[in-house]
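Quick notes on the structure that follows.
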Amino acid sequence: MNSPVNTAATGVCDFAVINPSTGAEIGRAPNMGIADLNHAVATAKAAFAHWSQSSDAERQNACRAVAAKLQEHAAELAELITLEQGKPLNGLGSRWEVGGAAAWAAHTAELSLPVKILQDNSDGRVELHRKPLGVVGSITPWNFPVMIAIWHIMPALRTGNTVVIKPSPYTPLSTLRLVELMQAVLPAGVVTVVTCDDVTSNLGAAMSAHPDIRKIVFTGSCATGQKVMRSAADTMKRLTLELGGNDAGIVLPDADPAAIAEGLFWGAFINNGQTCAAMKRLYVHDSIHDAVCAALVAYAAAVPVGDGMQEGSVLGPVQNKMQFDKVSALVDAARIKGQVLLGGVPGAGLFYPPTIVAGLQNGDALVDEEQFGPALPVIRYTDVDAAIAMANDSPNGLGGSVWSGNIAAAHAVAARLECGSVWINKHGLVQPNAPFGGVKASGLGVEFGEEGLAEYTDIQVIFS
Ligand code: NAD
């Protein structure tokens, strides 16, 4: 019997890509197999021989050219993202994503890792060099397909590696186009893309075990990240794993509910909550709990939700059925004990309204699990130490936030949170000059800044 997995050198099978706003097929992507992956890795390996030897200035200029290309094609990429991911063109949607990706590419082009002189005296000279690794395998999720691809690809290229990227089967089209645009300004073979449906062909798993891939940079769920780590062991791959989070926000008693409502909303509901470092549970002091809930509900109720292609929409649908069902089930379980203050009733298709649920505690599923969707539990607390303990009572440790008019008090709470980033009076801000990564089960390593760049290199120390 023929295997349904395509193992030919070029794809003969493809799979449908669906617009989550309408349910309509908007395109098809090749369902590649192992032979295609091997071909892509061999191409990247051959390109590495030249690219790794190119000068720093050449690589910098190439990265600048990628940033310019992204700017030039921003409108087209934004439209593709909206069509396959669902997020609106407007607001913190696809135009914002592509703008951020271009800014990230431009910033990464300017980063460098010069030779460090560790010692230079009569005993000798010791130099620390940073060398590219080889072929980097990038595996991306469906929530920010272009932004995360840029986060993976640019530091790899800047440091002299070549890349094979595999996007999520839910959002392959924007990555296919992104890579095509990059290929127009980069030497042949430096970046290639493979796509598959994850059902009949799972190239993410094959990449994690591939002997000619030296590093995997993976953004996705904790469960898949653990699989990547397991299958990377045999070939001793370098790993950067940006995994799930269950970020807590803590509102201190002195915060002004009206002033923080907008920040709280977008901290939790950016990209419909389908953001790794979104605020996924909110602890509010008893003295202002009801006022914060009221201000948050008032802000959320006025946010327009609709088809992302309509200029008036500020939030779109949930991206896929699996995620939609997860959010629905968590809210349904929560309503038994909690009070649904807003939303909670599924709309048509994959639309789910911004939902705010009070009356829950740690131990309730909507609080303990990563919902990755538009439903925020608000938890009442009376003692700040207890709130910090509840925030830390999670296997995850991606981000956290503290909301207060007293910055020193907020800093003191921030220092006690077990997570890779803490924001004060905001949540989820990432920027290209600040390392970002999770602690505990939220990942391994960091992205961005010089620390992120260094993860794409081996250290070689030369003693003379
Ligand atoms: P996912 O883990 O289901 O998929 C991520 C990628 O892994 C996809 O490309 C998928 O095709 C691929 N994959 C599937 N099986 C694989 C395997 N066995 N080996 C290797 N790769 C495999 O995640 P998702 O549903 O696309 O994204 C949502 C999750 O990602 C959430 O948990 C979210 O918190 C997390 N996330 C984290 C960050 C971060 O920076 N920490 C950013 C965005 C998303």
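The values are calculated or read from the model by the stated rules, or taken from the named source; none is laboratory data. Since this is a predicted model, take the numbers as computed values, not measurements. With ideal geometry, Cβ positions are generated from the backbone for all residues, glycine too; neighbour counts draw on all protein chains shown. Note: areas computed on protein heavy atoms with side chains; ligands, DNA, RNA excluded. Shrake-Rupley method; radii C 1.70, N 1.55, O 1.52, S 1.80 Å.
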Hey, G338 hits all of (1) over 22 Å from T275 (Cβ atoms); (2) open to solvent by 30 Å² or more (accessible area, probe 1.4 Å) but one; which does it fall short on? (2)
Conditions: (1) within 24 Å of the chain's Cα centre (by Cα); (2) more than 16 Å from the ligand (Cβ to nearest atom). S404 meets all but one. Number of the miss? (1)
May I ask you to list the residues in segment 429-438 that are under 11 Å from C419 (Cα atoms) and either assigned to a loop (DSSP other than H, G, I, E, B) or open to solvent by 60 Å² or more (accessible area, probe 1.4 Å) (or both)? G437, G438
Checking E447, E418, E451 in turn, the sole residue that is open to solvent by 30 Å² or more (accessible area, probe 1.4 Å) and in the same structural domain as G160 (by TED's automatic domain parsing) turns out to be E451
Positions within segment 223-237 being over 25 Å from A29 (Cα atoms) and buried (at least 16 other Cβ atoms within 10 Å of the Cβ), in sequence order: M229, S231, A232, K237
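Residue by residue, here is whether (1) among the polar types (S, T, N, Q); (2) touching a residue at least 24 places away in the same chain (Cβ under 8 Å) holds:
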site: L186; (1), (2): no, yes
site: T195; (1), (2): yes, yes
site: N202; (1), (2): yes, no
site: D212; (1), (2): no, yes
site: S231; (1), (2): yes, yes
The condition from (1) among the polar types (S, T, N, Q); (2) open to solvent by 10 Å² or more (accessible area, probe 1.4 Å); (3) under 21 Å from the mean Cα position of the chain (by Cα) that T82 misses is numbered (2)
Output for segment 309-355, where each listed residue is of a type in the set (D, E, K, R) and touching a residue at least 24 places away in the same chain (Cβ under 8 Å): E311, K321, K326, K337
Hey, can you tell me all the residues within segment 341-369 that are open to solvent by 10 Å² or more (accessible area, probe 1.4 Å), closer than 23 Å to Y299 by Cα and within 16 Å of the ligand (Cβ to nearest atom)? L350
Could you list, in sequence order, all residues of segment 248-302 that are open to solvent by less than 30 Å² (accessible area, probe 1.4 Å) and either of a type in the set (S, T, Y) or at positive phi (or both)? N271, N272, G273, T275, Y283
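Here is a yes/no grid of residues against (1) over 21 Å from Q319 (Cα atoms); (2) open to solvent by 20 Å² or more (accessible area, probe 1.4 Å):
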| residue | (1), (2) |
| --- | --- |
| V163 | yes, no |
| R177 | no, yes |
| V190 | yes, no |
| T200 | yes, yes |
| A205 | yes, yes |
| S221 | no, yes |
H50 being in the same structural domain as L181 (by TED's automatic domain parsing), over 29 Å from E311 (Cβ atoms) and under 17 Å from the mean Cα position of the chain (by Cα): no
Contacts under 6 angstrom Cβ, first residue in segment 100-112 being open to solvent by less than 30 Å² (accessible area, probe 1.4 Å), partner part of a loop (DSSP other than H, G, I, E, B), 6 or more apart: W104/P432
